[in-house]
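The values are calculated or read from the model by the stated rules, or taken from the named source; none is laboratory data. Source: prediction; values computed, not measured. Neighbour counts are summed over all protein chains in view; Cβ atoms, including those assigned to glycine, are modelled from backbone coordinates with ideal geometry.
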Amino acid sequence: MTNDMIKIAASLCLHSYNTAEPTANTHPFNIENISGFVLDNPDICWIVITGTNEATDWLTNMNVKKTSDGFHRGFRSSSIPVHSFAEKYIGDKPIIVTGHSMGGAIAVIVGARISAPIRDVSVITFGQPRIATILGISNIPIWLKDYTRVVNMRDPVPYTPFWLMGYKHFGKVIYLSDKGVVNPGFFDKLWEIVQAPFSSLKAGKIASRHDMSVYKSRVEQFLSQYGS
């Protein structure tokens, strides 16, 4: 995934928090409390899924029930109507599914649902929580070839649901700090897992570290440090 595409995805995810007006190529949706829009450009189809900037919700109202095939039940259920809506506008052009927070979690499952050997499907997410166990990850179609997660260091949402519950991350990840792109080692990641959900509660920092506007700002400021 190129830097330019990640920057566009960040802009679209931030824009999704405003109500999109329908146009000839913009198709907004609000289905079962999941909103976003399909942007059907001549050369690429974007599926943008709105999340939540209220990170404290993830620490107090987390539904961690799993499906029999290893997916987060709530995220998978929410992906079904979004997938059905998006299919009306998907042609034979490349597709990028993107989202922030819960929208990112749903985006991964929607991307898996629409991927097929004859489709060029990519997924880009920001501050996305975990969506599946090892069993669920093994059920992701192999032709979903390009999946990139962007994570702000100390944003607690990507560390939920907690790994002790069996949930795992996968895909390529770009870590951003207030100083730039970082490549944390094993112990850095372990420390993040242990302290992020708790340290971010101090002084209201939890919201700023998860906010999509902060993600967009850091992507635009620092992503040139990261190879395309």
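Remarks
- Flag for K172 being modelled with pLDDT of 85 or more, under 15 Å from A105 (Cβ atoms), of a type in the set (D, E, K, R) and in contact with a Ser or Thr (Cβ under 7 Å, 6 or more places away or on another chain): no
- Residue check for S77: surrounded by 14 or more Cβ atoms within 10 Å (Cβ to Cβ), touching a strand residue (DSSP E or B) at 6+ places or on another chain (Cβ under 9 Å), modelled with pLDDT under 95 and not acidic (D, E): no
- Number of the condition not met by P117 [criteria: (1) surrounded by 24 or more Cβ atoms within 10 Å (Cβ to Cβ); (2) over 15 Å from the mean Cα position of the chain (by Cα)]: (1)
- Looking only at the stretch 36-45, residues that are surrounded by fewer than 23 Cβ atoms within 10 Å (Cβ to Cβ) and either among the basic types (K, R) or closer than 22 Å to H210 by Cβ (or both) come to 0 in all.
- Criterion: within 26 Å of S68 (Cα to Cα), among the basic types (K, R) and crowded, with 19+ Cβ neighbours inside 10 Å - qualifying residue of R154, R149: R149
- Qualifying residue in the stretch 25-32 (condition: in a loop (DSSP other than H, G, I, E, B) and either farther than 21 Å from S213 by Cα or at pLDDT 95 or above (or both)): yes
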